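Q: Take a look at this one; I'll ask things after.
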Amino acid sequence: MTTAALQVKPPGTAAFRVPLDPLPFRIGRSPENHLVLRDNRASRNHAVIRREGAEFVVEDAGSRNGIDVNGVKEQSHVLRSGDVIRFGVDDSYELTFVQDSPAALPTQAHHGGLRKLRSMLEVARSLQGALSIDQVLASVVDAALDITSCDRGFLLLTTADGLETRIARGAGGKALSDGLEIPARVLHEALRTRSELLSMRFDSGISGVDSSILNLSLRSVLCVPLIKVRAGDLSETALVGTIADSIGLLYLDSTQHQAELTSTSRDLVQSLAIEASFVLENARLLDEERKKQKMEQELRIAQTIQQDLLPEASEYPQTGWLRAGGLSIPSKLVGGDYFDILPSGDGRYDIVMADVSGKGVSSALLASLLQGAFVMSTAEQIPPAVILDRLNRFLLGRTNGAKYATIFLASIYRDAPMQWANAGHCSPLLVKPTGEVYELAPTGMPVGMLEEGNWKDAALQMGRGDLLALYTDGVSEAMNAAREMYGPERLVAVLQRNFWLDMGPLTEAVKADIAAFTGGEPQRDDLTLLILRYMPD
């Protein structure tokens, strides 16, 4: 009886033989194939060898570059001993089909040290190429099988439910798809002891051996923990820690003979486990980086949407009886500050400034919700204190007191006193042309904290030329390197120095003054400012 095999010559390394078992025998770059081609130019599923009666037939499996048999491009070819199969590109794998008796087929086990060297070189090649993580891990398991002469190899990763098989390989580079039963007690012991290399040899006559091992007729089991490592820090791989430090196992077993475990083999297998640990850690870091980039992209979109909700510079009234300028700079990509100025007929403007507690996405979402509620409430032209009561019930009903907001609301009239209410917000500053300064102190507590807030309206008659500056605590509490706060006094001073500038330049003057004070120090809170000038006829 003759046996069919492939003499495999990878580019740049020694040849080895692989029996054509099982059939059909799949060849390609995917780790699920029976023979894995570690060459990016090969297709994931490149070729397949089938048996048709007494003959073996190689077929192109829909590959990108096709297959050549004895230098001729073929779609399908009946193989004869000595036929050479290539994969449509130069300097790639070369497979020679052979049929001979099993005794005449030298195996890679006879190559000793050269075989081990070839195995390590194969891993190095896969690491250097732009291959998938699973392909690299498969090459690690294949190399471990070559080095130890084991029959099966598994790379298992720890999950919340236990161990999950990531890679399953048989000797000769075969992918395993069934019969993956493994002795659970042995694996648990390997994780528990966390020894560098757990090696066991079994004899069916020994009593007390785990039933899972006897059922599988195992003679040797090797387990190497995969250790959580930091990329670039090789020293940590030598540490023995707790079970929580293990990310998985490299498991090898044999039913035919005892594993080859010389000191050199132990060192090589341990090196392979370390390499697999680094590959998995790099994959984890890459996955985290991709998630981070996706989140940042979504936050940038949210930032654009939030900025679009604020009034644009062209929307501020620049002439007429009320003029305005403003800015909002979040400490993160999105923030919890919000302001708006809405015209209500020819002789009235409704203004609001809000600061939702906390930072980030949740505060930004609530600020947007408050904006919608404010716009709907002001359309009814109701007093500011009533609007605050509505906003309080709106926010309390959605956060159960977990979030609150400080808000300043005002209705400014051309021919009547301004009506306003302050729900715990920073006191707006009224600066007169004479230099006098008045603060519009809170008339009630922030909204969203308690069911009853007892907000009160107040009235103020503004004079021609008066400036009203609304700001959040990101302005007054902006810090420099010495941990000094900017404070309302500096805001008043810069307004007084630049009092008669147009609203746009005046806003930029305040922004520049804050930037000069902080000296580029990162700020902990959102910075929001709205400046109004009252100029009735």
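The values are calculated or read from the model by the stated rules, or taken from the named source; none is laboratory data. All of these numbers come straight from a predicted model, not from anything done at the bench. All Cβ positions, even for glycine, are placed from backbone atoms using ideal geometry, and neighbour counts span all protein chains on display. Ligands, DNA and RNA are excluded from the accessible area calculation, which covers all protein heavy atoms including side chains. Shrake-Rupley method; radii C 1.70, N 1.55, O 1.52, S 1.80 Å.
Q: If I stretch the segment between Glu452 and Val386 completely, what's the gain in nm (0.36 nm per residue apart, minus their alpha carbon distance), one decimal?
A: Separation in residues times 0.36 nm, less the Cα-Cα distance, equals 22.6 nm.
Q: May I pose another question? First measure r as the distance between the Cβ atoms of Glu74 and Arg17, then evaluate 1/(1 + (r/R0)^6) with R0 = 22 Å and state the FRET efficiency to the nearest 0.05.
A: The calculated FRET efficiency here is 0.45.
Q: Let me ask something else. Keeping every protein chain present and rolling a 1.4 Å probe, give me the accessible area per residue for the range 386-537 in Å².
A: It amounts to 45 Å² per residue over the range 386-537.
Q: If packing is taken as the average number of other Cβ atoms within 10 Å across a peptide's residues, how do 58-65, 137-144, 310-317, 275-282 rank, most packed first?
A: My ranking of the peptides, most packed first, is 137-144, 275-282, 58-65, 310-317.
Q: Just to verify a number: FRET efficiency for Ala459 and Met295, C-beta to C-beta distance, R0 = 56 Å, to 0.05?
A: Once the sixth-power term is evaluated, E becomes 0.75.
Q: Mind ranking Lys291, Lys9 by accessible surface for me, highest first, 1.4 Å probe?
A: Output order, biggest surface exposure first: Lys291, Lys9.
Q: Order Arg290, Arg284, Arg17 by their accessible area, 1.4 angstrom probe, all chains in place, largest first.
A: Arg290, Arg284, Arg17
Q: If I stretch the segment between Thr319 and Thr165 completely, what's the gain in nm (0.36 nm per residue apart, minus their alpha carbon distance), one decimal?
A: 48.3 nm
Q: Tell me the volume per residue, in Å³, of the convex hull enclosing the alpha carbons of the range 336-488.
A: Per-residue hull volume (Cα only) is 115 Å³.
Q: Over all distinct alpha-carbon pairs, what is the Kirkwood Rh of the range 37-92 in angstrom?
A: 11.6
Q: Would you mind checking the range 443-472 for residues with the amide N under 15 Å from a putative spin-label position 7 Å along Cα→C-beta of Met485?
A: So the set is 471-472.
Q: Now a separate question. Taking a probe of 1.4 angstrom, what is the accessible area of Glu439 in Å², to the nearest 10?
A: Approximately 120 Å² for this residue.
Q: How much length is gained on full extension from Glu439 to Ala373, taking 0.36 nm per residue of separation minus their Cα-Cα distance?
A: Using 0.36 nm per residue and subtracting the Cα-Cα distance, I get 21.1 nm.
Q: Averaging over every viewing direction, what projected area does the convex hull of the Cα atoms of the range 490-537 cover, in nm²?
A: 3.9
Q: Show me 520-533, 160-173 ranked by packing, highest mean number of other Cβ atoms within 10 Å first.
A: 520-533, 160-173
Q: Run the paramagnetic zone check for Ala509: 7 angstrom along Cα to Cβ, then residues of the range 485-500 with backbone nitrogen under 20 Å.
A: 486-500
Q: Measure up Lys9/Lys73; Lys294/Lys511; Lys432/Lys456 against 29 Å on the Cα-Cα distance and list the ones that go over.
A: Beyond 29 Å between Cα atoms: Lys294/Lys511.
Q: Using Cα centres only, tell me the gap between the range 482-537 and the range 1-55 in whole Å.
A: The two parts, judged by their Cα centres, are 73 Å apart.
Q: OK, next. Could you name the aspartates and glutamates in cross-link range of Lys174, using Cα to Cα under 18 Å and dropping any fewer than eight places away on the same chain?
A: Cα-Cα hits under 18 Å: Asp21, Glu32, Asp39, Glu94, Glu122, Asp134, Asp142, Asp146, Asp151, Asp253.
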